[in-house]
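Data first, discussion second: the structure below is written as structure tokens.
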Amino acid sequence: MVIIKILGKIFMKKVIDIAGNEIQLKEPPERIVSLVPSLTETIIDLGCVNQLAGCTGFCLEIEGTGKAREIGGVRDPDIELIRSLNPDLVLAGREENQKFDIEKIKGFSRVYVCEPRTVGDAIGIINDIGILLCETETASAWARKIHEYRVKLNELRQDTTPVRFGYLVWWDPIMVAAGDTYISSLLEEGPFLNAFGDMGRYPQAEESELINRDMDIIFISSEPYGFDDNLIGDIRELTGDIPVERIDGRMCGWYGTGTCKGLKYILEQISDIQEKAGK
């Protein structure tokens, strides 16, 4: 994407999102609404919080959201409130937000939709948002830092026997982050291998699979499901010798600039995880 400035006016080539939408702005957006916390974090990290007109209630837990209005939840945004904010750009996630909500918003605003399944996809999202917000240099700096962490993790992956993991995101029914997910891609940047990599996306799993799958460790994500200590104790009793450990779901699941933070987190956790997994 190229941005050209002529006689003080900014002209931009189009950005095409995962849904095939062509988003083209003749000037930076002044009123942005974010429907996904990781995209809200990215707006803030790119230095554009003053343009953030609205975000979800969960987004407001992020430090530095400024004067952004709460527009409801990720799965149940208040469409009429969003309309009243008169946004010139709305950021949404195909996985997080519901299709019919996105289609309604398209009736009155440009909408950028993303669905990262790899770390590479997340870099593309940072660059796209950087273009739309006219913050390409800042976005490029984040992308370069991600590359630095990927290089370090790749070196460790080449020199280390991988830790085979299962990653629980839900209970009753049991659901795991399997292959073709951003979570799996992020972890596998390092010396890790998804034991459910042969399954697609977020499948349901039987209790027997937590016992019989070849795993060195089971990660219990801190979000979106609230695994309490009693439940984790029950899972440990079920799995026996397989270590069961909490992991920061935000660090492993938030993309955009969160990808940089997530890779740093994984890098810092490797030694501890390997020790617990007996590697």
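Throughout, read-outs are computed from the coordinates displayed, never taken from laboratory work. Remember, it's a predicted structure, so these values are computed and weren't measured experimentally. Backbone-built Cβ (ideal geometry, glycine too); neighbour counts: all protein chains shown.
Of the helices (runs of 4 or more DSSP H) that lie entirely inside segment 181-256, those containing 2 or more residues that are free of Cβ contacts under 8 Å to residues at least 24 places away in the same chain span 207-212, 229-239. I need the full set of residues from segment 259-272 which are surrounded by fewer than 24 Cβ atoms within 10 Å (Cβ to Cβ) and either touching a Pro at 6+ places or on another chain (Cβ under 9 Å) or among the aromatic types (Phe, Trp, Tyr) (or both), in order please. Of everything in segment 259-272, those that are surrounded by fewer than 24 Cβ atoms within 10 Å (Cβ to Cβ) and either touching a Pro at 6+ places or on another chain (Cβ under 9 Å) or among the aromatic types (Phe, Trp, Tyr) (or both) turn out to be Tyr265, Ile270.
Which residues, taken from segment 120-134, are surrounded by fewer than 21 Cβ atoms within 10 Å (Cβ to Cβ) and within 26 Å of Glu223 (Cα to Cα)? Gly120, Asp121, Gly124, listed by residue number.
Number of residues in segment 144-180 that are part of a loop (DSSP other than H, G, I, E, B), under 17 Å from the mean Cα position of the chain (by Cα) and aliphatic (A, V, I, L, M) equals 2. Filter segment 226-279 for residues that are small (Gly, Ala, Ser) and over 23 Å from Arg150 (Cα atoms); which is farthest from the chain's Cα centre (by Cα)? Restricting to residues being small (Gly, Ala, Ser) and over 23 Å from Arg150 (Cα atoms), the top hit is Gly240. Among the numbered conditions (1) part of a helix (DSSP H, G or I); (2) exposed (fewer than 15 other Cβ atoms within 10 Å of the Cβ), the only one that Gly278 does not meet is (1). The helices (runs of 4 or more DSSP H) found wholly in segment 32-112 and carrying at least 2 residues that are touching a residue at least 60 places away in the same chain (Cβ under 8 Å) and buried (at least 24 other Cβ atoms within 10 Å of the Cβ) occupy 37-45.
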